[in-house]
1. Determine which member of the set E321, E312 is under 29 Å from E251 (Cβ atoms) and surrounded by fewer than 20 Cβ atoms within 10 Å (Cβ to Cβ).
2. Evaluate the stretch 327-336: report whether one residue or more is buried (at least 18 other Cβ atoms within 10 Å of the Cβ) and not in a helix (DSSP H, G or I).
3. I'd like to check something: does the stretch 139-149 contain any residue that is in contact with a helix residue (DSSP H, G or I) (Cβ under 9 Å, 6 or more places away or on another chain), among the aromatic types (F, W, Y), surrounded by 23 or more Cβ atoms within 10 Å (Cβ to Cβ) and on the phi < 0 side of the Ramachandran plot?
4. Residues in the stretch 206-214: is at least one hydroxyl-bearing (S, T, Y), closer than 21 Å to D24 by Cβ, at pLDDT below 95 and part of a loop (DSSP other than H, G, I, E, B)?
5. In this structure, does L88 turn out to be surrounded by fewer than 24 Cβ atoms within 10 Å (Cβ to Cβ) and either under 22 Å from D335 (Cα atoms) or touching a strand residue (DSSP E or B) at 6+ places or on another chain (Cβ under 9 Å) (or both)?
6. Going by what's in this entry, would G74 be described as out of contact with any helix residue (DSSP H, G or I) (no Cβ under 9 Å at 6 or more places or on another chain) and either farther than 25 Å from V45 by Cα or buried (at least 20 other Cβ atoms within 10 Å of the Cβ) (or both)?
7. State yes or no: is V96 outside any loop (DSSP other than H, G, I, E, B), of a type outside the set (F, W, Y) and either under 16 Å from the mean Cα position of the chain (by Cα) or within 27 Å of T209 (Cβ to Cβ) (or both)?
8. Out of V6, V38, I need the residue that is surrounded by fewer than 24 Cβ atoms within 10 Å (Cβ to Cβ) and either touching a strand residue (DSSP E or B) at 6+ places or on another chain (Cβ under 7 Å) or of a type in the set (K, R) (or both). Which one?
Amino acid sequence: MSIQTVAKTGNEAMAEAMRQINPDVVAAYPITPATEIVMIFSQFVADGLVDTEFVAVESEHSAMTATLAACAAGARSMTGTSSQGLALMYEILPIVSAMRLPIVMPEVNRAISGPINIHCDHSDTMAARDFGWLQIFSENSQEAYDNILQAMKICEHKDVRLPAMVTTDGFIISHCMEKIEMFDDKTVQEYVGKYPAYTKLLDLENPITLGALDLQNYYFEHKRQVAEAVKNSKKIILEIGKDFGKRFGREYGFIEKYKLDDADIAVICLGSTAGSAKSVVNELREKGIKAGLLKIRVFRPFPDEEIASALEGVKVAAAIERSDGFAGKGGPLYDEIRSALYDKKKKPLVVDYIAGLGGREITHDHLTEIFSEIGKIAATGSVENPVQYKGVR
């Protein structure tokens, strides 16, 4: 195995992972800030670097429909999208999971309109969290590259057979260049392996039907199978993350703990915010403040037990999230964390900070303020306002 250190943006890293996987079919429609992923990949097709059949469609709805059809026909299939494009796919996303099709989709987190906005928040991905798709978040370009490779193995595993979206934060990761380590093409292709197709619509000797009308007799049972597959994926995600570490030196799990084991106060976040939070944690540690970070890498399936265990010794934890639940009681991350902790005897007080909507920066000062505020809660044991908006005018 050879490793090449290169400078790549998040979009380039994901496109390179797709090139090395060399899927049979990619159907795509451009949308900012994910356009570059499929644009770069289309150049790989034009240059003969992959054997992929590239289908340029007229909308994201068509992109997911064509990808579904190709995968159902027995082809390893991928696409990519963002924001309104993901929203246009919403009708098809639960059909993909119900048909147990292992499509891997790079998804660049971007605000859902309106008002019209092309910058980062997590409202698009969060709105799709209950469609039966696995969701893996990336802190940086390296993780984006690694996560795409692992997602292919996870989704195609016989005990999973579900689709996944691998996300990066729009512009923050998608368009910013970082140093990453890429493996050689042969190594990646051996790692991913051949597509273990289990549906072949074009097999005339063994015909099957997919996506048929499914009324009272079987609909409930088929949805239950999807739920069970999501539960099964937890074991497979961990196995593949550990195997990836043994092979390539970077092990992955559901969460990442950063200086959390002895922390009194901690923040919980997804995606690129974790990088900034680590810097603030380092500064606070130098001042003798026991601060820590819990980064959630896998949001679906939700790692409830792992999160509860990681937060056992923490006095106060703050969820920092780039989306609002519009339920009048905080965002989706806050809801999930509180649910995970509900019946635990040892658990922290949990507060919510909604921040960074529409690409607004979550600054070093914002994070420092959040740690200061939850430090006061830890000292008093009292929460006056459990849900706050940080950085809004």
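1. Working: E321 fails: surrounded by fewer than 20 Cβ atoms within 10 Å (Cβ to Cβ).
Among E321, E312, only E312 is under 29 Å from E251 (Cβ atoms) and surrounded by fewer than 20 Cβ atoms within 10 Å (Cβ to Cβ).
2. Step one: list which residues in the stretch 327-336 are buried (at least 18 other Cβ atoms within 10 Å of the Cβ), which gives 330-334, 336.
Now narrow it down to the ones that are not in a helix (DSSP H, G or I): 330-331.
Looking through the stretch 327-336, at least one residue is buried (at least 18 other Cβ atoms within 10 Å of the Cβ) and not in a helix (DSSP H, G or I).
3. yes
4. The first filter runs over the stretch 206-214 and keeps only residues hydroxyl-bearing (S, T, Y), leaving 209.
Next, from what is left, pick out any that are closer than 21 Å to D24 by Cβ: none.
No: the stretch 206-214 contains no residue that is hydroxyl-bearing (S, T, Y), closer than 21 Å to D24 by Cβ, at pLDDT below 95 and part of a loop (DSSP other than H, G, I, E, B).
5. Working: surrounded by fewer than 24 Cβ atoms within 10 Å (Cβ to Cβ): yes; either under 22 Å from D335 (Cα atoms) or touching a strand residue (DSSP E or B) at 6+ places or on another chain (Cβ under 9 Å) (or both): yes.
Here the answer is yes, as L88 does meet what is asked.
6. On the way: out of contact with any helix residue (DSSP H, G or I) (no Cβ under 9 Å at 6 or more places or on another chain): yes; either farther than 25 Å from V45 by Cα or buried (at least 20 other Cβ atoms within 10 Å of the Cβ) (or both): no.
For G74, the condition - out of contact with any helix residue (DSSP H, G or I) (no Cβ under 9 Å at 6 or more places or on another chain) and either farther than 25 Å from V45 by Cα or buried (at least 20 other Cβ atoms within 10 Å of the Cβ) (or both) - is not met.
7. Working: outside any loop (DSSP other than H, G, I, E, B): yes; of a type outside the set (F, W, Y): yes; either under 16 Å from the mean Cα position of the chain (by Cα) or within 27 Å of T209 (Cβ to Cβ) (or both): yes.
So V96 passes the test.
8. Working: V38 fails: surrounded by fewer than 24 Cβ atoms within 10 Å (Cβ to Cβ).
The conditions single out V6.
The values are calculated or read from the model by the stated rules, or taken from the named source; none is laboratory data. Treat the numbers as computed from the prediction; the structure is a model and nothing was measured. All Cβ positions, glycine included, derive from the backbone under ideal geometry; neighbour counts span all protein chains shown.
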